[in-house]
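Beneath this line is the structure, given in structure tokens, with notes to follow.
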Amino acid sequence: MAEPSVSEESESISVMVVSENTESALGTTNSGKECAYPKKKTTWCSPKVLLLIFCLMNLLNYVDRGVIASTGVNGTPKVCNASGECIAGKGIQGAFNLTNFQDGALSTAFMVGLLVASPIFASFAKNYNKPFRLIGVGLLIWTIATACCGVTSNFWNIVVCRMLVGVGEASFMSLAAPFIDDNAPVARKTFCLGLFYMCIPVGIAFGYVYGGFVASHLNWRCAFFGEAILMLPFVFLCFFMEPLQLKGFESGEATLTTSVQIELHEVKITEVSEQGKDVVYVSSGGGLSNNKISRKTCLSKRTIKRISRFCKDMIWKDIKVLLFEKVYVVSVLGYVAYTFVIGAYSYWGPKAGADIYHMTNPDMFFGVITVFCGTCGTLAGAYLFDRINCSIKNGFKLLTATTALGGACCFGAFCFKSMYGFLAFFVLGQLFLFAAQAPVTFICLHSVKPSLRPISLAISTVAIHIFGDVPSSPLVGRIQDQIHNWRTTALILTSIFGVAAAIWLIGIFLDSVDRYNEEDNASTNTEPVAAENTVEKFDEHSEI
């Protein structure tokens, strides 16, 4: 076979990488014909088992939210009288002698880590072919940070720990829903998502009870230790079990045959194919004595290039694509308005109820309503969405109807002077409102390409927190400071549900396409990968 000549005048050549000892991995048969990459490995992790695992993980995540809220609400600062005698405080507030502002800041400190880390984990998932391992990394951070909350010695230490809890949660929240959506039965996709999101109100309520019980019988620190112990088995599970493949991502075997081999062997050109493409065979034997490529230089350049490409994709490329997806943008904008009200309800609801209707245990009352309506409403909305045929357009119809009806019922509830009238309408309104949880997630997942689903959920999470529940509580408090009437404040807040319904109404008239089966070229190409995807191009200064 004639050795090809390399023109010195050529600026660059595109090459195709074929390893001598990896042809079988690429699927080359004895006849020389190329076949598709190997099928993914079978696994014991069935869709039902996967759903159960994710639901338990989600439950523990939100149990932690309830625990930190419980230690704040049930805690009291140290009180000293004029003679210098002091009564010890309780909970975190008493242990660190925190002000009410500092105590309240702990409940939202995790959001800093969550908002920063969500896009990062989502972008890593797109470039790393084992996204299930990323969940394990995140949960390991979550477990360590949660345990550290139980041994902290001052306010700033526990603030840092709460931020790291948010970092750990970010990996899970960005990737869990795509896994469930991929592996759930077609006729019950939204119902399975509904089961997953049902764990949010249940977890918060259970965490509140669990945190209060442990703090009263043992110590508030023990509650955090218990969470870490319960999460630890799921961390090992994420690292060691063989998960189902996430749609839109390359197989690990295909990546190894094209990228790892080129780093471990010397390269030389041995043959030119009949189609006119230059073919590079990777040889593990002796190399060219005078024409070796500097491995150190190649690796350093490749590392810098990969970091640069990752930052570019994370900061701009993927986000730019999402911003031009009108269906996705409309769904997130409506979700922001919806979360703005829900977040303020969860924070100010007990105080408004106590002032307007003179409730004796408003926190317990609103907690029971949240658990009941959150569970029943979420599952009912998911079941109804499956029954009317899951589609983006039908999702917008359901979101518009349930949000408008729920908002109207809650608005009417605050108009009643009788507490019983308020109870009936408010519960009905919450049932309608929680029905939006699963459909809005379905739209976020199916309005973008499969490989963009993690980043779409990450950006959605960032948006609803930054523009939704985080600013809503202080803004509502500001309104109340100005008008000094909780009924009027509650009515103004509830009217924003009308804004959410109007935004989602726009989505009904958009040209929406379900992109769940729209594959990326990178994940569907079954041909041997060209070197421009791994080694890129050899320029005229590279000596071969």
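So how strong a dipole does segment 308-439 carry about its Cα centre when Lys and Arg Cβ are +1 and Asp and Glu Cβ are -1, to the nearest 20 debye? So the dipole magnitude of segment 308-439 works out to roughly 420 debye.
Legend: residues 348, 142, sorted from most to least accessible area (1.4 Å probe; ligands, DNA and RNA excluded), read 348, 142.
Counting every alpha-carbon pair across segment 374-518, the share separated by more than 22 Å comes to 47%.
Rounded, prolate or oblate: which fits segment 348-418 when a ≥ b ≥ c are the square roots of the eigenvalues of the alpha-carbon gyration tensor, with rounded for a/c under 1.5 and prolate only if a/b beats b/c?
Details: a/c = 3.97, a/b = 2.10, b/c = 1.89.
In terms of gyration-tensor shape, prolate.
From the cross-link list 130/320; 326/397; 351/417, which pairs have alpha carbons spaced over 22 Å apart? Check vs 22 Å cut-off fails for 130/320.
Counting only heavy atoms of the protein chains and using a 1.4 Å probe, residue 478 has close to 140 Å² of accessible surface.
Close amide H partners of residue 90, meaning residues 5 or more places away or on another chain with modelled amide H under 5 Å apart, are 76.
The values are calculated or read from the model by the stated rules, or taken from the named source; none is laboratory data. As the structure is a computational prediction, the values presented were derived from the model and not from experiment. Every residue, glycine as well, gets a Cβ built from its backbone with ideal geometry; the counts of neighbours run over all protein chains shown. For the accessible areas, the whole protein counts, side chains as well, though only heavy atoms, and no ligand, DNA or RNA atoms are used. Shrake-Rupley method; radii C 1.70, N 1.55, O 1.52, S 1.80 Å.
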